[in-house]
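J.: Here it is, the structure in full.
None of the figures in this text is laboratory data; all of them are computed from the coordinates on show. If you're wondering where the values come from, they're calculated on a predicted model, not measured in any experiment. As a convention, Cβ positions derive from the backbone with ideal geometry for all residues, glycine included, and neighbour counts pool all protein chains shown.
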Amino acid sequence: MYKLRNYQQLTISRIVGAMREGKRAIMVQQPPRTGKTVIMAEIARRATLKGNRVLFVVHRKELVDQARQTFKRNDVDMSLVTMGMVQTLTRHTGTIPKPAVILIDEAHHVLAKSYRRIIDAFPDAVRIMVTATPWRMSGAGFGDVADCLPVSRWAGSSKTAFWHRSGTSARRASRQLDSNLRRTASSTKRPLLTP
């Protein structure tokens, strides 16, 4: 099992905190080489300890192989995990066991139709989307697929810029997001992750 670094523990506690606040679609920013896969493996371990199913989505085969090794090394109950490339999973949403938690790596791709198909197939699942770069070159925001970006050690002041859409000020976009969160936040019947 991996010994988490302090900043990894901090990221996980902020994710858990967001879930306790009722957030169900959490975008997480972690720079390259900070152990994003280790963080997701720890989240998966906690979820499977509670008997919850996990769906892990990536966009390249090498990442599937790497994640599978990391999850196993972190004592994740792999019988409760479905892991695969978005290109495959998007064609098989009808046969995937219903997950309680969806983990998406390289989540800056999440606005693509293939990812949206997976998200839409499991609307009740908590989504934790991890990326080093929570922005799109097109300027499109992630407010349609994520309801929060917990402030991380690296996020700095990019929180409002993250949600920015052309023609909308960052402050107004942030207020709109906060308003939407209050209207749509829902609580879970039981915790999805162990503390």
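J.: Please arrange T82, T88 by counting, for each residue, the other beta carbons lying within 10 Å of its beta carbon, fewest first.
T.: Ordered by Cβ neighbours within 10 Å, fewest first: T88, T82.
J.: Step through the residues of the stretch 52-69 one at a time and calculate ³J(HN,Hα) from phi using the Karplus curve (6.51 cos²θ - 1.76 cosθ + 1.60, θ = phi - 60°), rounding each to whole Hz and writing x for Gly and Pro.
T.: Here the 3J(HN,Hα) series is 8, 7, 10, 10, 10, 10, 9, 10, 9, 4, 4, 6, 4, 4, 4, 5, 4, 5 Hz.
J.: If I model a spin label as a point 7 Å beyond the Cα along the Cα-Cβ vector, how far apart are those points for T93 and L111 in nm?
T.: Label-label distance for T93 and L111, simple model: 1.9 nm.
J.: Rounded to whole Hz and in sequence order, give me ³J(HN,Hα) for the stretch 101-115 from the Karplus expression 6.51 cos²θ - 1.76 cosθ + 1.60, θ = phi - 60°, writing x for Gly and Pro.
T.: Values, residue by residue: 10, 10, 10, 10, 8, 6, 5, 5, 8, 5, 7, 5, 4, 5, 5 Hz.
J.: Turning to a different aspect of this structure: Determine, for M40, M85, the number of other Cβ atoms within 10 Å of each Cβ, and report the residues in order from fewest to most.
T.: Ranked by crowding around the Cβ, least crowded first: M85, M40.
J.: Once amide H atoms are built 1.01 Å from N in the peptide plane, which residues 5 or more positions from M83, or in another chain, come under 5 Å H to H?
T.: Close amide H contacts, sequence-distant or interchain: F56.
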